Amino acid sequence: MTLLTPQRQLLADAALRDRARAVVPGGVYGHMSVLKQMPPSYPQFYKRGEGARVWDVDGNEYIDFMCAFGPMIAGYANSTVDAAARDQQLLGDALAGPTPHFVELAELLVDTVAHAEWAMFAKNGTDATSIAVVTARAATGKTKLLKARKSYHGANAWFTPNPAGVTAADRANIIEFDYNDVASVEAAVAEAGDDVAAIIVTPFRHDGLTDQIDATQEFAAGVRAIATRIGAALILDEVRTGFRLDAAGAWEKYGVRPDLTAFSKGIANGYALAAVVGVDAFKEAAASIYVTGSFWMGGVSMAAAVATIGILRDGGVDAMFSAGDQFRTGLATQATAHGFTLHQTGPVTMPFIRFDSDESLEQVFAFTDAAIRRGVLLHPWHNMFLSAAHTVEDVASALERTDEAFAETRELFPL
Ligand code: PMP
């Protein structure tokens, strides 16, 4: 393994950034762009990944705690998943119709996710949340959609956080409430009159920049009871959390089951796939809506998903929690030893870090920059991700380097 030094170079990366800027609007866009608000050492372009590691285009190796922002869940280049995908690839991906994996995967999701009685497939998380919303409207004949303030549910016109190119009419049917505040959900319901199609909510609050906060039992049970009372759908957006908390459903721990759940990111270990699952009461409505996409029936990602979910059910989720525990405990010990108060929030499989009294993010930027230069890919203001491929050795090796990164940060910010 090549240990990185603080002097490592990003020459090929810089050249690709220049070329991208010339021919791609904004260079690299979306959540993977490092142009805005990222430490200077963060690479933009990668050559390959294996297990819990990635290599940038300059050949630098990183233990990766971003997991492609979620899609990687069983390890980069996982041999079981890739063999399943390759077998189907040799037969064809987009064919004249779906492959048997379509049915097999729907059966597997119905068997795995507690409330699921049917499943539909698409490609991205935004597809899945959109299908869920349109299904809810078709089922209820109602219009309004209740969502938590700052919660992200996709890049379409009604959910995007960025106002560019979006009209007021696109958002006219959204009413917001505060996460974990049942009274504010009731206020949103009152504002909507008798016209709520759905309440959409993430299993815990993961808005970025602020501490992650788990849903309270009262909130989970509260939104469930309200949706049932007013005849609206409860949509659980598990696009980010899917299979990283509980394969049976994130709110199973509370005994709370949604009507519809949206999945994407981790379900096929990096192959493009999304799924919506639901209860029988919404099956007819789901069959009535018009949703489709040129690539949605492709067999490769469905074969990959069947293999991925198999790995996750077969100890993968437990492995992820154990790696996450090891990482969180290690970081906490190191932070204390270096005199920092580090806030680590959210489930250990989706960690978020924040330094105390660091509103400007200077300290967390310095720390993540120092870690990245030592070959540990961390994020300064977005939740990170563990995978079933993070071994005890990977985490221990990452922790050796974060200890140095804390020391370097302390030199920059003396006590
Ligand atoms: N919902 C949530 C909770 C998400 O985190 C995301 C993606 N970050 C989406 C929906 C949209 O998914 P995608 O980017 O795949 O369209």
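Every number here is computed from the coordinates shown, using simple stated rules; none is lab data. Predicted, not measured: the structure shown is a model, and the values here were computed from it. All Cβ positions, even for glycine, are placed from backbone atoms using ideal geometry, and neighbour counts span all protein chains on display.
See the values below:
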item	result
For residue 254, net neighbour charge (Lys/Arg +1, Asp/Glu -1) across residues whose Cβ lies under 11 Å away	-1
Cα extents of the chain along the three principal axes, largest first (Å)	60, 53, 45
Partners for residue 142 among lysines (Cα-Cα distance below 23 Å; same-chain residues under 8 apart left out)	283
Exposure proxy ranking, count of Cβ atoms within 10 Å, fewest first, for 32, 320, 120	32, 120, 320
Region 79-312: relative contact order in percent, alpha carbon pairs under 8 Å with at least 6 residues between	33
For region 115-238: rounded, prolate or oblate by the Cα gyration tensor [a/c cutoff 1.5]	rounded
Proximal charge balance of residue 303 [Cβ under 13 Å; K/R count +1, D/E count -1]	-3
Neighbourhood net charge (12 Å Cβ-Cβ; Lys/Arg +1, Asp/Glu -1) for residue 208	+2
MRE, 222 nm, helices only [DSSP H, n ≥ 4, -39500 (n - 2.57), over the chain, to nearest 500]	-12000 deg cm²/dmol
Region 64-107 and region 256-278: distance between their alpha carbon centers, rounded to Å	14
Euclidean distance between Cα centres, region 317-360 to region 212-233, Å	29
Overall Cα dimensions of region 79-312 - principal axes, largest extent first, Å	54, 36, 35
Difference of contour (0.36 nm per residue) and Cα-Cα distance, residue 14 to residue 37	6.6 nm
Theoretical FRET efficiency, 1/(1+(r/R0)^6), r = Cβ-Cβ of residue 187 and residue 95, R0 51 Å, to 0.05	0.55
Highest-MSF residue in the chain out of 370, 221, 164 [GNM, Cα springs under 10 Å]	164
Set of lysines near residue 253 by C-alpha distance (under 24 Å), chain-local residues within fewer than 8 positions excluded	147, 265
Antiparallel content of DSSP bridges confined to region 79-312, in %, to 5	40
Share antiparallel - DSSP beta bridges, the chain, percent rounded to 5	60
Shape of region 167-294, Cα gyration tensor, a/c cut at 1.5	rounded
